[in-house]
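Q: Here it is: the structure, laid out below.
The values are calculated or read from the model by the stated rules, or taken from the named source; none is laboratory data. Predicted model only: the values in this text are computed from it and were never measured. Note that each Cβ is placed from the backbone with ideal geometry, even for glycine, and that neighbours are counted across all protein chains shown. We work out accessible area using only protein heavy atoms, side chains counted, and drop any ligands, DNA or RNA first. Shrake-Rupley method; radii C 1.70, N 1.55, O 1.52, S 1.80 Å.
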Amino acid sequence: TGVFGLSVMDAIIAILSANVIGCLLLGLFSTYGVDYGLPMMILCERWFGRIGNRVLSFLNFLNGFSWFAINTVIGAYFVYRVLGIGLVPGIIGLTAIQVLIAIIGHDFIIKAEKAFFYFLTAVFLILSVLTAIHLPHLPVADPKKLAEVGGVSGAMLLTMSIMLSWLGGWILYSGDYSRY
């Protein structure tokens with residue numbers, strides 16, 4: 001949000017607003033899994049036709065592939081900084097681990113999520129406290145950057161769009177969880 005020149009309060013408002021809108025949309029689309037008993041990607045064929053659904057499926061594949069690649073590279077940088085393992089071996093190792101987890105299956109992922117819940121909650125709380133401590137030291141709104149994106153409203157819309165795009169990526173899976 002600093003790229004757009006928003007103040008901390010405006011950034012928080014934009015991020016929270018986008019999350020509320022995105023979660024409402026995600027909740028709405030989750031009801032389709034219950035109503036139709038189909039995965040979202042199959043259900044989308046009814047709305048967009050076979051060709052339209054293939055285009056969306058390909059875009060979804062690119063989204064997932066990109067997400068996997070970016071997280072792997074970021075993880076490799078972490079491994080490099082913390083353990084001193086080179087970037088290429090880190091990428092190869094993390095890729096192998098992620099593929100192995102995917103092969104093991106959904107039940108393993110659910111168990112891992114339950115195990116990591118407490119750890120990630122603690123990390124989130126610690127980071128939230130550290131952020132709150134540093135709030136007075138964060139930069140205020142930058143009028144020059146704001147002018148480049150259409151003012152506060154433009155910066156907030158851009159921030160909300162970015163947040164909504166992240167949440168929107170989950171809508172394609174929303175019916176998958178609720179249909180069980």
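Q: For Thr72, indicate whether it is surrounded by 14 or more Cβ atoms within 10 Å (Cβ to Cβ), at pLDDT 90 or above, of a type in the set (Ser, Thr, Tyr) and in contact with a Ser or Thr (Cβ under 8 Å, 6 or more places away or on another chain).
A: Numbers: surrounded by 14 or more Cβ atoms within 10 Å (Cβ to Cβ): yes; at pLDDT 90 or above: yes; of a type in the set (Ser, Thr, Tyr): yes; in contact with a Ser or Thr (Cβ under 8 Å, 6 or more places away or on another chain): yes.
Taking the combined requirement at face value, the residue satisfies it.
Q: Does at least one position in the range 82-101 carry a residue that is touching a residue at least 24 places away in the same chain (Cβ under 8 Å), out of contact with any Asp or Glu (no Cβ under 7 Å at 6 or more places or on another chain), more than 19 Å from Gly168 (Cα to Cα) and open to solvent by less than 70 Å² (accessible area, probe 1.4 Å)?
A: Filtering the range 82-101 for residues touching a residue at least 24 places away in the same chain (Cβ under 8 Å) gives 98.
Going one step further and asking which of them are out of contact with any Asp or Glu (no Cβ under 7 Å at 6 or more places or on another chain), we end up with 98.
Now drop any that are not more than 19 Å from Gly168 (Cα to Cα), which leaves 98.
In the following step, the residues that additionally are open to solvent by less than 70 Å² (accessible area, probe 1.4 Å) were identified as 98.
Yes, that holds for at least one residue.
Q: Another one. Of everything in the range 1-41, what is closer than 30 Å to Leu146 by Cβ, touching a residue at least 40 places away in the same chain (Cβ under 8 Å), in a helix (DSSP H, G or I) and open to solvent by 50 Å² or more (accessible area, probe 1.4 Å)? Give them in sequence order.
A: Val3, Ile13, Ile15, Ile21, Cys23, Leu25
Q: For the range 105-144, which positions are closer than 22 Å to Leu16 by Cβ, assigned to a helix (DSSP H, G or I) and open to solvent by 80 Å² or more (accessible area, probe 1.4 Å)?
A: Once the filter is applied, which keeps residues that are closer than 22 Å to Leu16 by Cβ, assigned to a helix (DSSP H, G or I) and open to solvent by 80 Å² or more (accessible area, probe 1.4 Å), the range 105-144 yields Leu120, Phe124, Leu125, Ile126, Leu127, Val129, Leu130, Ile133, His134, Pro136, His137.
Q: Exactly one condition in (1) in contact with an Asp or Glu (Cβ under 9 Å, 6 or more places away or on another chain); (2) of a type in the set (A, V, I, L, M); (3) closer than 27 Å to Met156 by Cβ is false for Ile13; which is it?
A: Ile13 satisfies every listed condition except (1).
Q: For the range 145-165, what are the residues that are small (Gly, Ala, Ser) and either open to solvent by 60 Å² or more (accessible area, probe 1.4 Å) or in contact with a Pro (Cβ under 7 Å, 6 or more places away or on another chain) (or both)?
A: Ala147, Ser153, Ser161, Ser165 - these are the residues of the range 145-165 that are small (Gly, Ala, Ser) and either open to solvent by 60 Å² or more (accessible area, probe 1.4 Å) or in contact with a Pro (Cβ under 7 Å, 6 or more places away or on another chain) (or both).
Q: Additional query: Go through (1) open to solvent by 40 Å² or more (accessible area, probe 1.4 Å); (2) without any contact (Cβ under 8 Å) to a residue 12 or more places away in the chain; (3) not acidic (Asp, Glu) for Leu56 and report which single condition fails.
A: Leu56 satisfies every listed condition except (2).
Q: Given (1) open to solvent by 70 Å² or more (accessible area, probe 1.4 Å); (2) at pLDDT 85 or above, identify the lone condition not met by Asn63.
A: For Asn63, the exception is condition (2).
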